[in-house]
Structure formats: structure tokens, C-alpha cells
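Peer 1: Supplied in C-alpha cells, the structure appears directly below.
The values are calculated or read from the model by the stated rules, or taken from the named source; none is laboratory data. Please read all numbers here as calculations on a predicted model, not as lab measurements. When we count neighbours, we look across all protein chains shown, and the Cβ atoms used for this are built from the backbone with ideal geometry, even at glycine.
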Amino acid sequence: MKPQVSVVIPVYEEGESILTCLNRILREVSLPCEVLVVHDFPEDSTVPYVEKLAEEDPRVRAVLNTYGRGPANAIRFGIDAAAAPVAVVTMADGSDDPRQIDELARLVDRGVVVAAASRYMPGGQQVGGPRIKKAMSAFAGRSLHWFARVGTRDATNSFKAYSTDFVREVGIESRSGFEIGLELTAKATRMRLPVAELPTIWLDRQLGDSRFDLARWMPSYLRWYRFAYGSRLSAEQIRAGAAARAKKTDKTG
């Protein structure tokens, strides 16, 4: 059966702990799905556990990212590899609630191009995590909601569902960090396409270390934060702008 939702999980040396995440997803997702565990190199400690589980459940696949290392490239590769019309990006650390994957996917099926799990709307919550990161994320999300009318109070959260047609139409420019969620929300806003949200409770990871590097990735977040404000753009204009930015980056090296 063709999947209705592709669950994309970027991983880096998760080892055996990935099984907790995958088993929760396989238990909670009721829609026909595929689960793409995207890794950067074949020797990643996550891969043997994913491949063993895949022998028991064909919905699971270990997928080698060939776009370049890092979470942005892994997510970009995973969405491109998705066979379903909806791709849901979720983290391997257990911070996201897998029971909401179906709900997010159904929002996209109903016509939104980005469906966000929101920590900052009524009913949402963030438990744990660095205070400065939480404060900055909450300010960005709420200010974008109030002033740029982005359709969600949590544009920076990575736990989102996307129309794969929309993503392939506008493209993904992010090459580092987890700013893809903000990029695609900003692009949908500039195209005046529907973005929706539902409340979520986000839990800070209990095992391993966070890969989030605020100082290194802040310029990219600010870029897409600013991009969300502005007049309406067509898909052609967004792609032309992306091409121009890529050309400028190539020239400056």
C-alpha cells in the first residue's frame, strides 16, 4: 500500500536508543506510512538497529543522505526521498509526541501546506531545555504570528508536516541546522498559502546530547525570520530569489 505519510527522522549516532523512538512511532501512527531514518554515513551506530527492525517491519527504512552532512541536508534528502504526499519531520530524541503525526498529516491532507506542532499556543508546553533557547524561540514564534501572520505561534519547531508538492515547488535552501521549519513556514507565508498548528507538549531529550548549536545557526534563523515579512511572492519568484542567493554565495565563496 502506498504510504499516506512519510516520517522523516534525521539521526546521528543514536545507537540502540533509536528503537524507543521508532517503536513509539510504529505503535502510534495509524495512517499507512513509511519511516525514513536518514543518516549521513554507513558506519553510523544507528544503522544496524534500524536495519534489524526493518526486517521485522517493512515500514522502516535506513536511508543514506547523499546531500552532505548535517541535519538540514538529512531532512532535505528525506523529504526528497518521501513517497507520500505528506512528510512529517520529527526528531530521534523522543522530544516530539508521535501520537500527533496522524493529526499533522491530516491537516496537510485537508489543504494546508505546513502544519506545525506548537509549543506556544494554548494547550502547548515546553518541558525542559535551555532557558535562553526557549525564550528566543517563543519570542520569534509569537512575533511572527502577530506581525507576519505566519499561521503558527511556533515557526521554529522542527516537528512539522509538509505537503511534499509544496516543498518540491519552492525548494529548500537551508544547508545547516534545523532552520528548515522556519524557512518553509516563511515561504508559505510569502506565497499566502495556508499554515496551521495544533498544540504539542515538547519534552527535552532524556538520553544523549542535543545537537542544537544556537550561536552557529542564529544567522540562518534571522535570515528566514526577516524573510517572512514582505509582499506576496509566487513560486517562480521564490525560486528565482533562491537562485540569485545561491549565485551570490558561490561568488563570495
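Peer 1: Has segment 1-21 got at least one residue that is surrounded by fewer than 22 Cβ atoms within 10 Å (Cβ to Cβ), among the polar types (S, T, N, Q), in contact with a Cys (Cβ under 9 Å, 6 or more places away or on another chain) and not in a helix (DSSP H, G or I)?
Peer 2: Scanning segment 1-21, I find at least one residue that is surrounded by fewer than 22 Cβ atoms within 10 Å (Cβ to Cβ), among the polar types (S, T, N, Q), in contact with a Cys (Cβ under 9 Å, 6 or more places away or on another chain) and not in a helix (DSSP H, G or I), so the answer is yes.
Peer 1: Provide a single number: the residues in segment 158-178 that are over 13 Å from the mean Cα position of the chain (by Cα) and polar (S, T, N, Q).
Peer 2: Qualifying residue count, segment 158-178: 0.
Peer 1: In this structure, is Met121 over 21 Å from Asp165 (Cα atoms), in contact (Cβ under 8 Å) with a residue 12 or more places away in the chain and within 17 Å of the chain's Cα centre (by Cα)? Give the steps one after another, and end with the answer.
Peer 2: Details: over 21 Å from Asp165 (Cα atoms): yes; in contact (Cβ under 8 Å) with a residue 12 or more places away in the chain: yes; within 17 Å of the chain's Cα centre (by Cα): no.
Taking the combined requirement at face value, the residue does not satisfy it.
Peer 1: Something else: Just checking, does segment 60-67 include any residue being over 23 Å from Lys160 (Cβ atoms) and touching a Phe, Trp or Tyr at 6+ places or on another chain (Cβ under 9 Å)?
Peer 2: Yes.
Peer 1: Is it the case, given these coordinates, that Asp154 is among the acidic types (Asp, Glu) and at pLDDT 95 or above?
Peer 2: Yes: the conditions hold for Asp154.
Peer 1: Mind checking which residues of segment 93-111 are at pLDDT 95 or above, in contact with a helix residue (DSSP H, G or I) (Cβ under 9 Å, 6 or more places away or on another chain) and surrounded by fewer than 23 Cβ atoms within 10 Å (Cβ to Cβ)?
Peer 2: Asp97, Pro98, Arg99, Gln100, Asp102 - these are the residues of segment 93-111 that are at pLDDT 95 or above, in contact with a helix residue (DSSP H, G or I) (Cβ under 9 Å, 6 or more places away or on another chain) and surrounded by fewer than 23 Cβ atoms within 10 Å (Cβ to Cβ).
Peer 1: Among what's in segment 72-92 and is of a type outside the set (Gly, Ala, Ser) and over 19 Å from Val170 (Cα atoms), pick the residue that is surrounded by the most Cβ atoms within 10 Å (Cβ to Cβ).
Peer 2: Looking at the filtered set, the residue picked out is Thr90.
For every residue, the table says whether it meets (1) in contact with a helix residue (DSSP H, G or I) (Cβ under 9 Å, 6 or more places away or on another chain); (2) at positive phi; (3) modelled with pLDDT of 95 or more; (4) surrounded by fewer than 23 Cβ atoms within 10 Å (Cβ to Cβ).
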residue: Ala115; (1), (2), (3), (4): yes, no, yes, no
residue: Ile132; (1), (2), (3), (4): yes, no, no, yes
residue: Trp146; (1), (2), (3), (4): no, no, yes, yes
residue: Lys160; (1), (2), (3), (4): yes, no, yes, no
residue: Asp165; (1), (2), (3), (4): no, no, yes, yes
residue: Phe178; (1), (2), (3), (4): yes, no, no, no
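Peer 1: Could you check segment 1-24 and list, in sequence order, the residues that are out of contact with any strand residue (DSSP E or B) (no Cβ under 6 Å at 6 or more places or on another chain) and either in contact (Cβ under 8 Å) with a residue 60 or more places away in the chain or of a type in the set (D, E, K, R) (or both)?
Peer 2: Residues satisfying the conditions are Lys2, Gln4, Tyr12, Glu13, Glu14, Glu16, Ser17, Ile18, Thr20, Cys21, Arg24.
Peer 1: Go through segment 131-156 and give me each residue that's touching a Ser or Thr at 6+ places or on another chain (Cβ under 7 Å) and either of a type in the set (Val, Ile, Thr) or under 21 Å from Ile79 (Cα atoms) (or both).
Peer 2: Val150, Thr152, Asp154, Ala155, Thr156
Peer 1: Kindly check whether there is at least one residue in segment 122-139 that is part of a strand (DSSP E or B), of a type in the set (A, V, I, L, M) and in contact with a strand residue (DSSP E or B) (Cβ under 9 Å, 6 or more places away or on another chain).
Peer 2: yes
Peer 1: When only residues in segment 205-237 that are of a type in the set (Phe, Trp, Tyr) and over 19 Å from Pro194 (Cβ atoms) count, which is modelled with the highest pLDDT?
Peer 2: Once the filter is applied, the top-ranked residue is Tyr225.
Peer 1: If you go through segment 117-128, how many residues are farther than 12 Å from Leu203 by Cβ and loosely packed, with under 12 Cβ neighbours inside 10 Å?
Peer 2: Within segment 117-128, residues that are farther than 12 Å from Leu203 by Cβ and loosely packed, with under 12 Cβ neighbours inside 10 Å number 2.
Peer 1: Moving on. Quick one: is Arg76 over 20 Å from the mean Cα position of the chain (by Cα), of a type outside the set (A, V, I, L, M, F, W, C), closer than 28 Å to Ile201 by Cα and not in a loop (DSSP other than H, G, I, E, B)?
Peer 2: Values: over 20 Å from the mean Cα position of the chain (by Cα): no; of a type outside the set (A, V, I, L, M, F, W, C): yes; closer than 28 Å to Ile201 by Cα: yes; not in a loop (DSSP other than H, G, I, E, B): yes.
Answer is no for this residue.
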